[in-house]
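S.K.: After the structure tokens below, expect a handful of questions from me.
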Amino acid sequence: MGSAFQQGGRYLPTLCWSTGGLAAGAALVIGGTQIQNSDIQVGTVNQIGYYTAVVGYLVLLATPEITTYGYNRSRPPDSYGSRFVPGSAGLASVRDAEGVAHPSLNVRLLTVRF
């Protein structure tokens, strides 16, 4: 998707972030389930296992966001020069309070993107 829009992200770092997110989520789910199913039947231990598994499921559900974050981190940084767009001029119409359209000239000296 990013290559279709020439965003310049790299494949390998994106794959690493995605795989890391999946591995972390799976490890939390498996670890939480193991703690929950252990022979120790103390209430606090069962709650820790349950909440660890829930966090693991949330990490697994957040894998697309983790992958997107990894892709955005792999993109080359924007230079400050690309944030400034030179001025432009254009014709437009503006309506007054009565609804009558009047021609206008839009002039922008500089556009700054964040």
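Conditions tested, residue by residue: (1) at pLDDT below 90; (2) over 24 Å from residue 72 (Cβ atoms).
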{"residue": "14", "(1), (2)": "yes, no"}
{"residue": "23", "(1), (2)": "no, no"}
{"residue": "41", "(1), (2)": "yes, yes"}
{"residue": "47", "(1), (2)": "yes, yes"}
{"residue": "55", "(1), (2)": "no, no"}
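S.K.: Moving on to the next point. Mind counting the residues in the range 68-113 that are among the small types (Gly, Ala, Ser), part of a helix (DSSP H, G or I) and modelled with pLDDT under 85?
M.R.: Total meeting the criteria: 2.
S.K.: Something else now. Inside the range 19-65, can you point out the residues that are among the acidic types (Asp, Glu) and over 26 Å from the mean Cα position of the chain (by Cα)?
M.R.: Just the residues of the range 19-65 that are among the acidic types (Asp, Glu), to begin with: 39, 65.
Result: 39, single match.
S.K.: Okay, moving on. Which ones in the range 27-41 are surrounded by fewer than 14 Cβ atoms within 10 Å (Cβ to Cβ) and either within 14 Å of residue 66 (Cβ to Cβ) or not β-branched (Val, Ile, Thr) (or both)?
M.R.: Narrowing the range 27-41 to residues surrounded by fewer than 14 Cβ atoms within 10 Å (Cβ to Cβ): 27, 30, 34, 37-41.
The answer is 27, 34, 37, 38, 39, 41.
S.K.: Here are some residues: 104, 74, 93, 88. Which one is in contact with a Pro (Cβ under 8 Å, 6 or more places away or on another chain), farther than 15 Å from residue 22 by Cβ and surrounded by 10 or more Cβ atoms within 10 Å (Cβ to Cβ)? Talk me through it step by step, then tell me what you get.
M.R.: Working: 104 fails: in contact with a Pro (Cβ under 8 Å, 6 or more places away or on another chain); 93 fails: surrounded by 10 or more Cβ atoms within 10 Å (Cβ to Cβ); 88 fails: in contact with a Pro (Cβ under 8 Å, 6 or more places away or on another chain).
Among 104, 74, 93, 88, only 74 is in contact with a Pro (Cβ under 8 Å, 6 or more places away or on another chain), farther than 15 Å from residue 22 by Cβ and surrounded by 10 or more Cβ atoms within 10 Å (Cβ to Cβ).
S.K.: Please go through the range 59-71 and pick out each residue that is surrounded by 12 or more Cβ atoms within 10 Å (Cβ to Cβ) and without any contact (Cβ under 8 Å) to a residue 60 or more places away in the chain.
M.R.: Selection gives 59, 60, 62, 63, 66, 67, 68, 69, 70.
The values are calculated or read from the model by the stated rules, or taken from the named source; none is laboratory data. None of these values were measured; they are calculated from a predicted model. Because the Cβ atoms are built from the backbone with ideal geometry, glycine has one as well, and the counts that use them run over all protein chains shown.
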